[in-house]
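Below is one structure, written out as structure tokens; the observations come after it.
The values are calculated or read from the model by the stated rules, or taken from the named source; none is laboratory data. As the structure is a computational prediction, the values presented were derived from the model and not from experiment. Note: ideal-geometry Cβ built from the backbone for every residue, glycine included; neighbour counts use all protein chains shown. For accessibility, only protein heavy atoms count, side chains too; no ligands or nucleic acids. Shrake-Rupley method; radii C 1.70, N 1.55, O 1.52, S 1.80 Å.
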Amino acid sequence: MNKRVEYWIKLADYDIETARAMLNSRRFLYVGFMCHQTIEKALKAVISRNCEEYEIPPKTHDLSKLAVCAKLFDLMIEEHKDFIDELNPLNIEARYPEYKDEIAAGLTDENCKDLILRTEELLCWIKKQL
């Protein structure tokens with residue numbers, strides 16, 4: 001594995017661990033944020049490996065765009081595509097006060113556990129593509 005790919009995968013692994021820590025501390029808003037970050041960085045690892053046209057991965061947080069750039073979107077099952085659509089707003093909107101309360105209200109212990117489980121599954125699938 002080249003150093004750029006390894007760099008992104010280490011960050012993704014760190015972020016999923018952080019999501020678990022946020023769950024344990026009941027900081028549910030940041031569980032969603034870190035799940036998004038996990039998948040973003042895993043996709044950037046694939047882009048770093050597969051796409052010579054990018055010296056560095058695109059500076060975007062849009063998971064669908066990153067999946068397309070990584071040439072994985074068409075390989076994804078519908079469940080994965082739906083999940084990245086669910087994760088996308090947890091990145092940007094979680095950063096702004098006007099959205100935090102709305103997003104936080106929808107994040108419970110149970111659905112955060114589900115977010116982490118589904119993130120781990122998608123992360124595993126992405127790693128297999130490397």
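Figure the gain on full extension for Lys59 and Lys127 (residue separation times 0.36 nm, minus the Cα-Cα span) and round it to one decimal in nm.
Extra length from Lys59 to Lys127 when fully extended: 22.4 nm.
Report the relative contact order of the chain, percent, no decimals, based on alpha-carbon pairs under 8 angstrom and at least 6 residues apart.
The normalised contact order for the chain reaches 32 percent.
Specify the longest stretch of the chain that does not include any exposed loop site, a site being one of the trypsin sites (Lys or Arg not before Pro) with a non-H, G, I, E, B DSSP assignment and at most 13 other Cβ atoms within 10 Å.
Numbers: sites that count: Arg26, Lys59, Lys71.
The reported range is 72-130.
Where in the chain lies the longest segment free of GluC sites (Glu not before Pro) that are both loop residues by DSSP (not H, G, I, E, B) and have at most 16 other Cβ atoms within 10 Å?
That would be 56-130.
What residue among Val68, Val31, Val46 shows peak mean-square fluctuation when the chain is described by a Gaussian network model with Cα springs under 10 Å?
Val68
Rounded, prolate or oblate: which fits the range 13-75 when a ≥ b ≥ c are the square roots of the eigenvalues of the alpha-carbon gyration tensor, with rounded for a/c under 1.5 and prolate only if a/b beats b/c?
Verdict is prolate for the range 13-75.
Over the alpha-carbon set of the chain, divide Rg by the Kirkwood Rh and report the Rg/Rh ratio to two decimals.
0.97
Which value, in debye to the nearest 20, describes the size of the charge dipole of the chain about its Cα centre when Lys and Arg Cβ atoms bear +1, Asp and Glu Cβ atoms bear -1, and nothing else is charged?
Working: 19 positive and 24 negative charges, 126 e Å.
Dipole magnitude for the chain comes out near 600 debye.
For the chain, what is the mean residue ellipticity at 222 nm derived from helices alone (per DSSP H run of n ≥ 4: -39500 (n - 2.57); sum divided by total residues; nearest 500 deg cm²/dmol)? Before the final figure, lay out each step's value.
Details: 7 runs with 95 residues, N = 130.
Taken over the chain, the calculation gives -23500 deg cm²/dmol.
Could you pull the accessible area for Tyr14 with a 1.4 Å probe, rounded to 10 Å²?
Using a 1.4 Å probe on the heavy atoms, I get roughly 150 Å².
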